[in-house]
Amino acid sequence: MERELIQTAHAAGIPLPPLQARIQGRVILPGDPAYDPSRQSWNLSADPRPAMIVMAQNTADVAEAARYAGQAHLELAVQSTGHGFYRSAEGSLLIVTSRMKTIRIDREARTAWIGAGAKWGEVLAKTQAVGLAPLLGSSPDVGVVGYTLGGGLGWLGRKYGLAADSVLRFELVTANGQLLYASADEHSDLFWGLRGGGGSLGIVTGMEIRLYPVTTVYGGTLFYPVQAAGEVFARYRDWIAAAPDELTSSIVLMNFPPIPLVPENLRGQSFVMVRGCWCGPIEQGRTLVQPWRAWRAPLIDDFKEMPFSQVGAISDEPVDPLPVFTTGAWMRALPDDAVEALIRHCVQGPSPVLFAEVRHAGGAIARVPSGAAAFGNRDAALLLLLLGLTPTPEAHAALVGHCQRIMAALRPHLTGGVYLNFLEGEEARQRVKDAYTPEAYARLMQLKGAYDPHHRLRSGFVHREE
Ligand SMILES: Cc1cc2nc3c(=O)[nH]c(=O)nc-3n(C[C@H](O)[C@H](O)[C@H](O)COP(=O)(O)OP(=O)(O)OC[C@H]3O[C@@H](n4cnc5c(N)ncnc54)[C@H](O)[C@@H]3O)c2cc1C
């Protein structure tokens, strides 16, 4: 393939030396035994066949690869872990950043420099070792940069805000191979767009983020019988209405699949679960959870004082690759008829939805002024996420249809906004405008035109109108 490209380029008079000789990482073409493992995503539903894969070792490799793609007229895509996909990398030059794992911590300044291939779990371990915490999400297996570019809503969100709001500086390579830095003082327009714009404007090779003094939290999950779901939702509504920002929480309807991977006491059963993470004084956290215990003893109660390094245990999300479909929407409120619709569609009778989670946002996320970064919908405090397994195209189609029916039933209670980190594929492309204010979307399109005029970088949220 590369040889063909080079011959074509030579015929057109373009000098195009082989890329491999110019980079420290690896160029992988279809047919290479490393091709399939290198293009594999965490979400097995994504199965693109890039024309060429570049396993980048460093920023210079990314820049060479981007320039090469321009010369060879290939579109560009980026992947680190493959937890999210918005536009297929089919036929493109896919830059895989997973080897770029630099993590440098400045304990005094409470900041860290993170390379584009680092996962949250790796950053969490190193920052906790010096008594500091990053703003990771529910799964430590997710990539730091991809998560942050989309916003990044995690267990410290209501206290310390979105991960995107804690970025101090980005290093990035534009689609034409130029190295730039974006911060409040340099390329501030790009800095604005990268915080919520989802990697549409360049290939981020590293970023400097703020860290926070959190080492111990009171967190976990309360499991209740699914038959009590209506009452648990009503109590949850009151609980979060009075919750201080130190509490970030969610309520979940969960159908554990009947597979050996699931512990025997949960296998094949449904529950309603209250999850949370309190980052204030531990005794206050215990007091906050007490009314649940006093109301009704949970079937399982693992809310406890825990080192923040173990925060991934609250949601305990799978690490091994899976075929999944996710969708979501911002909700206005959670009145009884919305709760009734969620229960009916998600846990009454067989449902292809594995879990339905409503996360409580707001707090510090909502206190950042709307125009401060590209990220939109800050004023909505409830975020719905639906997820199911999609082992076959038929299962995928059935799940998508089912989720559309759920969203239709909930429509009066949805704000109309979406959080693109929780969407994927075709739906993410169709709903991209609903993630931003009209002004922010127009500004992002303007930035896209300025920094990627040929729209060659295709893996981000914002692209030319399709
Ligand atoms: C199990 C699971 C749990 C999750 N939990 C949360 C959560 O708690 N909170 C939350 O907010 N989100 C969560 N997400 C969503 C997640 O943040 C997004 O899917 C995110 O895009 C994943 O980033 P990644 O780098 O791991 O994945 P990838 O699939 O590698 O990247 C996703 C996209 O990010 C962009 N991107 C990645 N790296 C770069 C780069 N270096 N430069 C430019 N663009 C880049 C590209 O557009 C790419 O297509 C979760 C997802 C899963 C599957």
Which listed residue, of A116, A72, A125, is in contact (Cβ under 8 Å) with a residue 60 or more places away in the chain, outside the structural domain of M306 (by TED's automatic domain parsing) and within 12 Å of the ligand (Cβ to nearest atom): A116
If S200 satisfies all but one of (1) outside the structural domain of F271 (by TED's automatic domain parsing); (2) surrounded by fewer than 18 Cβ atoms within 10 Å (Cβ to Cβ); (3) in contact (Cβ under 8 Å) with a residue 40 or more places away in the chain; (4) outside any strand (DSSP E or B), what's the number of the condition it fails? (2)
Of residues in the range 10-24 being closer than 19 Å to G70 by Cα and either within 31 Å of the chain's Cα centre (by Cα) or among the aliphatic types (A, V, I, L, M) (or both), the one modelled with the highest pLDDT: I23
Taking the conditions exactly as written (within 16 Å of the ligand (Cβ to nearest atom), at pLDDT 95 or above and in a loop (DSSP other than H, G, I, E, B)), does Q57 satisfy them or not? yes
Residue match in the range 367-378 (condition: within 16 Å of the ligand (Cβ to nearest atom), in contact with a helix residue (DSSP H, G or I) (Cβ under 9 Å, 6 or more places away or on another chain) and at pLDDT below 95): no
Picking from A395, A428, the residue that is buried (at least 19 other Cβ atoms within 10 Å of the Cβ) and in a helix (DSSP H, G or I) would be A428
Name the pairs whose Cβ atoms lie under 7 Å apart, with the first residue in the range 446-465 and in the same structural domain as Q178 (by TED's automatic domain parsing), the second aromatic (F, W, Y) and within 13 Å of the ligand (Cβ to nearest atom), and 6 or more positions between them or separate chains? none
Residue hits (the range 352-393; in contact with a strand residue (DSSP E or B) (Cβ under 7 Å, 6 or more places away or on another chain) and not aliphatic (A, V, I, L, M)) are P352, F355, E357, R359, H360, N377, G388, T390
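The values are calculated or read from the model by the stated rules, or taken from the named source; none is laboratory data. This is a predicted model, so every value here is computed, not measured. FYI the Cβ positions are ideal-geometry reconstructions off the backbone, even for glycines, and counts take in every protein chain you see.
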